[in-house]
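Here the structure comes first, spelled out in structure tokens, and everything after it is commentary.
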Amino acid sequence: MKGLRAVNSREVTREEWRSGLTWRVVLAVIYGAAVLMPVTIWGELMVGTVGNLTWTVVILFYWLSLLYGSPLTKQEILVMFAAVHTAVFAGVGLNFHHMFYRVWFASSPIAEAYGIAKYLPYWWVPENPLIRTQALRTFLHASWIPVVVTSLAFWIMNLIIGLSLGFFFYQLFVETERLPFPMARVSVEVITELWEREPMKMRIMVLFALIGFIYSLLAYGVPILSQTFIGVPIVVIPYPWYDLTESFKEVLPGAMIGIDTNLISYMVGMIVPFEVVVYMFIGSFAVSVLGNPFIVWYCPELIPKWVGFPKGMKLADVLFWSNIYVWYAVSIGAGFGVFFETLIRGRKEFAQSIRNLSKLSTAMKKLGYLSLYSIIAIYFAVTFLWFLLLEFVLIPGFPWIPLLLLVVFWPFIHGVLSARAIGETGFPLNIPYLNSNVLLITMESCNIPVHSKLGIWPWFAPLGVSSGEGWTSTFYICKGVRCTFSSYIKAVLLVAAPVAILFNFLYSEYLWKMTPIPSPMFQYAQIFWPITAAQSVLWYTRRIYSFNPNLIIGGFVSILAASAVASLLKAPFSSIGLLMGIGQPLPTPLAVFIGAVGSRLIEKLSKGKINLRKYAYVMVGGYAIGMSVAMALSISISIFAKSLWPLPY
């Protein structure tokens with residue numbers, strides 16, 4: 001762990017930090033919402049994932065600014081990207097086109113067959129039968145008021161909680177520990193290069209943007225366009241991996257083996273610290289290649305017989321069922337182990353961060369820092385209000401201790417883990433189904449009937465409290481381009497969010513009036529919504545049970561034991577890398593490992609003449625820009641083609 005360092009923010013003058021909120025950003029937000037939001041709504045219903053369309057808007061305004069002789073500042077580029085992304089993808093809590101699924105689910109054959117349709121909460125979907133059957137397709141009805149108010153209220157509370165934790169983790173992991181935040185560093189490098197336009201880096205970024213565009217057009221564009229025009233997806237490059245599970249089924253049954261086909265994974269290996277890469281690979285290899293075959297051979301009782309694990313399963317199926325019944329529990333225990341190891345190992349940094357936030361300098365106050373007392377007061381006040389609303393308004397009568405743990409205490413614990421994961425590996429830590437398992441255990445232990453309000457309503461209650469890790473990464477980028485925190489927050493929350501809500505309402509209302517959803521016009525929703533609903537209902541009716549205390553304890557002890565052994569041997573160790581590896585199948589950690597080892601080997605063999613790691617950040621950034629443009633082009637063509645109605649003559 002790195003030693004303590006002085007806080008840079010105290011030495012930064014006001015002139016070095018600038019606002020990124022300008023009239024050009026506001027114009028880009030309106031343009032993005034008006035032009036690209038319908039593409040994202042239509043695309044999500046028609047083809048599923050839409051990809052990142054934001055760069056198309058930013059690049060357009062970037063070249064226009066160059067054309068008119070007034071280039072965008074790097075602060076403007078950052079704020080424009082964030083605000084346009086919020087506007088284009090309706091990145092707000094009140095998302096009207098996501099309500100289509102709720103309405104469909106309320107009257108779906110799946111909800112009716114499992115007997116839960118009549119128990120769906122009024123604050124999740126309107127009770128009005130005309131709306132549920134889509135005989136009345138409008139959001140301008142009084143039945144929507146509880147749904148809209150609930151969504152908006154909890155989204156605002158989530159923002160406040162996320163910001164408070166984000167400030168604290170920024171001070172801990174960015175200013176005090178100085179973690180590298182590799183993927184956030186990519187954003188900083190790309191934005192800085194667009195502003196400085198240094199010739200060598202610019203050429204490399206443009207080259208990799210071209211590579212990303214061509215490769216993504218083959219990998220993602222060809223299947224999308226072939227499905228559109230000939231009705232059959234032509235797969236040139238399998239995504240996200242080339243599945244080799246079948247090839248090893250006799251030797252290593254249940255092993256999750258494949259080749260990652262996302263080139264970014266290989267480039268990420270060049271920017272993530274090597275010890276983190278190594279332990280990610282070790283964790284993934286232990287689970288994917290050794291762990292699953294061990295379960296099949298010696299512990300088959302861990303996975304129910306009706307699953308048929310792993311017979312005839314592809315990598316994605318093996319991943320789903322082994323995670324549900326084994327590795328999620330191990331990840332929960334390992335996560336707590338990493339949390340305690342972080343507190344023990346980083347106690348000095350933790351104390352230093354508290355001291356720094358207790359006495360804010362004038363410069364820190366001008367940049368928009370929150371004091372320690374403000375963070376504590378805001379966090380506990382809002383999370384406790386969240387808890388009270390759940391306990392007395394949304395799900396009255398539900399046992400209060402589990403809710404208190406999930407809403408008040410778990411966000412901080414998960415935030416420590418996930419913010420550190422982003423800081424070391426570039427990716428957030430995800431421990432799925434924790435809330436589901438806590439709800440299931442509570443209902444079973446308290447003998448709450450499945451078919452009752454207390455048996456169904458908690459599954460739809462807003463329990464996803466922000467852990468603040470996203471804001472921590474954002475503040476790192478703000479620091480990297482010297483953009484004031486306040487201007488970023490204002491642009492996203494006070495400019496982009498209202499615009500997103502307004503346009504999302506208008507487009508969703510218009511689209512819903514055209515046709516019931518799903519319909520043959522929206523193939524993705526028609527095919528995959530029933531699959532999603534069927535998987536969800538297994539939890540609601542308690543057909544899936546993945547809580548295994550022994551595995552949780554085993555994961556907890558394993559992390560602490562590995563840390564202790566590494567400490568005794570004075571060997572490099574990354575607990576967060578090991579934890580991240582446990583949660584991922586082999587293809588991605590293997591690709592990251594190959595990228596890390598390959599780049600270092602090339603550098604050594606060329607005696608330093610070829611240093612890929614020197615330009616790795618702009619390589620990743622350029623590739624991501626090219627990929628987003630290819631995705632935007634493919635999906636736009638698909639949507640345009642499918643939206644053409646045949647004339648009756």
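The values are calculated or read from the model by the stated rules, or taken from the named source; none is laboratory data. What you are looking at is a predicted structure, and each value in this text was computed from that prediction instead of being measured. A quick note on method: Cβ atoms are made from the backbone with ideal geometry, for glycine too, and the neighbour counts reach across all protein chains shown. All accessible areas refer to the heavy atoms of the entire protein, side chains included, with ligands and DNA or RNA removed. Shrake-Rupley method; radii C 1.70, N 1.55, O 1.52, S 1.80 Å.
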query: Which value, in Å³ per residue, describes the convex hull spanned by the Cα atoms of segment 271-329?
result: 94
task: Would you mind checking which residues have amide H under 5 Å from TRP241's amide H? H placed 1.01 Å from N; only 5 or more apart, or other chain.
output: THR261
field: Cα centre as origin, Lys/Arg/Asp/Glu Cβ charges: segment 185-310 dipole, Debye
entry: 160
Directionally averaged projected area (convex hull, Cα atoms, the chain), nm²: 31.1
- prompt: If you plug each phi of segment 255-269 into the Karplus form 6.51 cos²θ - 1.76 cosθ + 1.60 with θ = phi - 60°, what whole-Hz ³J(HN,Hα) values come out, in order, with x for Gly and Pro?
  reply: 5, 9, 10, x, 10, 5, 9, 8, 4, 4, 4, 6, 6, 4, x
query: How would you order 470-478, 306-314 from highest to lowest mean count of nearby Cβ atoms within 10 Å?
result: 470-478, 306-314
message: Sort 375-388, 235-248, 408-421 by the packing proxy (mean of other Cβ within 10 Å over each peptide's residues), most packed first.
response: 408-421, 375-388, 235-248
- prompt: Which whole-Hz couplings ³J(HN,Hα) result when phi for each residue of segment 36-45 is put into the Karplus expression 6.51 cos²θ - 1.76 cosθ + 1.60, θ = phi - 60°, listed in order with x for Gly and Pro?
  reply: 9, 4, x, 5, 5, 5, 5, x, 5, 7
query: For segment 219-233, in order, what is each residue's ³J(HN,Hα) by Karplus, 6.51 cos²θ - 1.76 cosθ + 1.60 with θ = phi - 60°, in whole Hz (x at glycine and Pro)?
result: 6, 10, x, 4, x, 5, 6, 5, 5, 5, 9, 10, x, 9, x
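Ignoring any ligand, DNA or RNA, what whole percent of the accessible area of segment 88-173 comes from carbon and sulfur when the probe is 1.4 angstrom?
The value for segment 88-173 is 66 percent carbon and sulfur by accessible area.
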task: With N set to the residue count of segment 104-204, report its C-alpha Rg divided by 2.2 N^0.38 Å to two decimal places.
output: 1.87
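With every protein chain present, what is the per residue accessible area of segment 120-246 (1.4 Å probe, Å²)?
With all protein chains present, segment 120-246 gives 43 Å² per residue.
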query: Label ARG203 and VAL557 with points 7 Å out from Cα along Cα→Cβ: what is the distance between them in nm?
result: 5.9
message: Need one number: nm distance between label points at LYS311 and ALA534, each 7 Å from Cα along Cα→Cβ, rounded to one decimal.
response: 1.9
statement: Percent of all Cα-Cα pairs per 10 Å bin for segment 22-129, counting from 0 up to the last occupied bin, reads 13, 34, 23, 16, 10, 4, 0
statement: Neighbours of PRO293 by Cβ distance under 15 Å: Lys/Arg at +1, Asp/Glu at -1, summed charge 0
task: Scan around GLY258 for amide H atoms under 5 Å from its own, H built in the peptide plane at 1.01 Å from N, and keep only partners 5 or more places away or cross-chain.
output: LEU244
statement: Using alpha carbon positions and the Kirkwood radius, the Rg to Rh ratio of segment 86-158 is 0.99
- prompt: Can you flag which of LYS74/LYS479; LYS118/LYS513; LYS249/LYS311 are past 18 Å Cα-Cα?
  reply: LYS118/LYS513
- prompt: What percentage of all Cα-Cα pairs in segment 505-624 are separated by more than 19 Å?
  reply: 76
- prompt: Taking the Cβ of LEU21 as the center, what net charge do the other residues with Cβ under 13 Å away carry, scoring Lys and Arg +1 and Asp and Glu -1?
  reply: +2
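How high is the FRET efficiency from VAL35 to ASN550, r the C-beta distance, R0 60 Å, rounded to 0.05?
After rounding, the FRET efficiency stands at 0.65.
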